[in-house]
Amino acid sequence: MPMPYGSRLAATMTRRLGRECVYTPSARLALYLALRRWCRPGARVLMSPVNDDVILFVVLAAGLRPVQAPVSVWDGNIDPAAVPESTWRNVDAVLTTNLYGVPDRVLELRRRCEQLGIPLFEDAAHAIGSHVDGRPIGTFGKAAAFSLSKHVAGMAGGFLAVEDARTRRELELLRDDLLTPGRLREDLATTLRPLARSAVRSLHLVRPVWRTMERLGLLERDAFRMDLHAPRLTASAREAPSLTAYERWVRVDLHGYRSRHGSLVRGQLKLRMARLDEDLARRRAGVTLLAGTPWASPALRDRTAHDGPLPLFRVPLLVHDRDTLVQRLVRHDVVCGYIYDPPLDDYAGAEFVEPSPDPAPARWFAAHTLPADPLLARRIVGAFTKERVADAHPSLLRPVPDVTPPRLLGQ
């Protein structure tokens, strides 16, 4: 009997987590598998509005209703205490974010989910290597989605971690039904892309390459969010649950998100996973450096001082005039991705999501956060110093008028 697709990579992750793992071409496909397995169409999923828009479209593709939660102004993750009791009584599942690697308040979220008898899903794409209460992120909920394109810079690959072998086998069958055939040309491109990106950085070509891509229209996003295309999104809802109906949104920035990877891609990912702990150690050193700067939040400084869980993927620095700074940093060979602004309820509107009852903290955090790669910590500190970047503090938070933005993207 042939071994399941990607089983060797899955076994490596299983040993790391202590949970059964299913290999997937991407974290977004892993999350879709979990949502389809445990949620009926029309179910309401509580999630943070400070999140990747791709995740919003994965939830919609699964035929579910995204419910936006109040968040902590310090990290953009769900604030369980701020969620109204009426909301808790009317949600069918909870999806964490672990934004930038800062763990969600997962113990409290798990307790509430157990009380309500609903599943907790962990989006752990940013959180390989993060722990809470001595346990790795990804072992608290019903299922957890991980991304190899983040921490090991593989630009492909993911896992879905689940509680038992029987569930794993069920999800492997569901995954196989959703995979599309792979092609050697795509596998070669997926394998070479991380090497090309590394060469661009080492040769200090980030600025000319980035500007050229902008001019040639090779970037799929003109802003931090992709175009919503609201009329088409409304039409797609009639076909949900369906990945195919939402393909134009779910595939953005990762067109092979459900392509069956050949041995070339899987072999590269295996080598990169072998260096994961070394990579995490370097990230911890970078986080420590960034935590000592004026732009780090007091919460981050406190975590660092007391050996708490750290944001190992990106460090959320709080700055004034963030949007202008993003453009200025390109001159220093720093391209900032993973900015989730505006919050999803402002971006998508009430037709597609249930808005947060308290949107101000999410709006403030989304507008002032610049995610800093800890592997580039020294370069970023130098660039901030030269640019005389002013730090921001949530004590400056003012009530934000609860109005519809003047223009929803793509409308």
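The values are calculated or read from the model by the stated rules, or taken from the named source; none is laboratory data. Nothing here was measured: the structure is a model prediction, and the numbers come from that model. Glycine also receives a Cβ, built like all others from the backbone with ideal geometry; neighbour counts cover every protein chain displayed. These accessible areas exclude ligands, DNA and RNA; they are computed on the full protein's heavy atoms, side chains included. Shrake-Rupley method; radii C 1.70, N 1.55, O 1.52, S 1.80 Å.
Observations on the structure shown:
- Of the residues making up the range 154-166, those that are out of contact with any helix residue (DSSP H, G or I) (no Cβ under 8 Å at 6 or more places or on another chain) and not basic (K, R) number 3.
- Those residues of the range 91-117 which are surrounded by fewer than 21 Cβ atoms within 10 Å (Cβ to Cβ) and either farther than 20 Å from L310 by Cα or β-branched (V, I, T) (or both), in sequence order: D92, R110, R111, R112, E114, Q115, L116, G117
- For G308, the criteria (1) under 30 Å from S236 (Cβ atoms); (2) more than 19 Å from the chain's Cα centre (by Cα) hold in every case but one, which is (1).
- Residues that are surrounded by 18 or more Cβ atoms within 10 Å (Cβ to Cβ) and basic (K, R) were ranked within the range 230-265; the one that is nearest to the chain's Cα centre (by Cα) is R251.
- Filtering the range 161-189 to residues that are assigned to a helix (DSSP H, G or I) and under 21 Å from the mean Cα position of the chain (by Cα) leaves only R175.
- For the residues V59, V22, V54, the requirement of being touching a Leu at 6+ places or on another chain (Cβ under 6 Å) and among the hydrophobic types (A, V, I, L, M, F, W, C) singles out V22.
- One residue stands out among those in the range 154-172 that are of a type in the set (A, V, I, L, M) and open to solvent by 10 Å² or more (accessible area, probe 1.4 Å): the one that is farthest from A281 (Cα to Cα), which is A165.
- Output for the range 140-160, where each listed residue is more than 16 Å from D277 (Cα to Cα) and either over 13 Å from the mean Cα position of the chain (by Cα) or part of a loop (DSSP other than H, G, I, E, B) (or both): F140, G141, K142, A143, M155, A156, G157, F159, L160
- Residue list for the range 2-16, filter: over 14 Å from D176 (Cβ atoms), open to solvent by 20 Å² or more (accessible area, probe 1.4 Å) and not charged (D, E, K, R): A11, T12, T14
- For the range 25-38, the set of residues classified as touching a strand residue (DSSP E or B) at 6+ places or on another chain (Cβ under 6 Å) and closer than 17 Å to R166 by Cα consists of A30, L33, A34, listed by residue number.
- Top-ranked residue in the range 130-153 [being touching a helix residue (DSSP H, G or I) at 6+ places or on another chain (Cβ under 7 Å) and open to solvent by 20 Å² or more (accessible area, probe 1.4 Å); ranked as nearest to R282 (Cα to Cα)]: A153
- Close Cβ contacts (under 6 Å, 6 or more residues apart or on different chains) running from residues in the range 120-139 that are at positive phi and in a loop (DSSP other than H, G, I, E, B) to residues that are open to solvent by less than 10 Å² (accessible area, probe 1.4 Å) and among the small types (G, A, S) comprise G138/A124; G138/A144; G138/A161.
- Pairs, first within 30 Å of L325 (Cα to Cα) and among the basic types (K, R) in the range 224-245, second assigned to a loop (DSSP other than H, G, I, E, B) and at pLDDT below 95, C-beta under 6 Å, six or more apart: R225/L409
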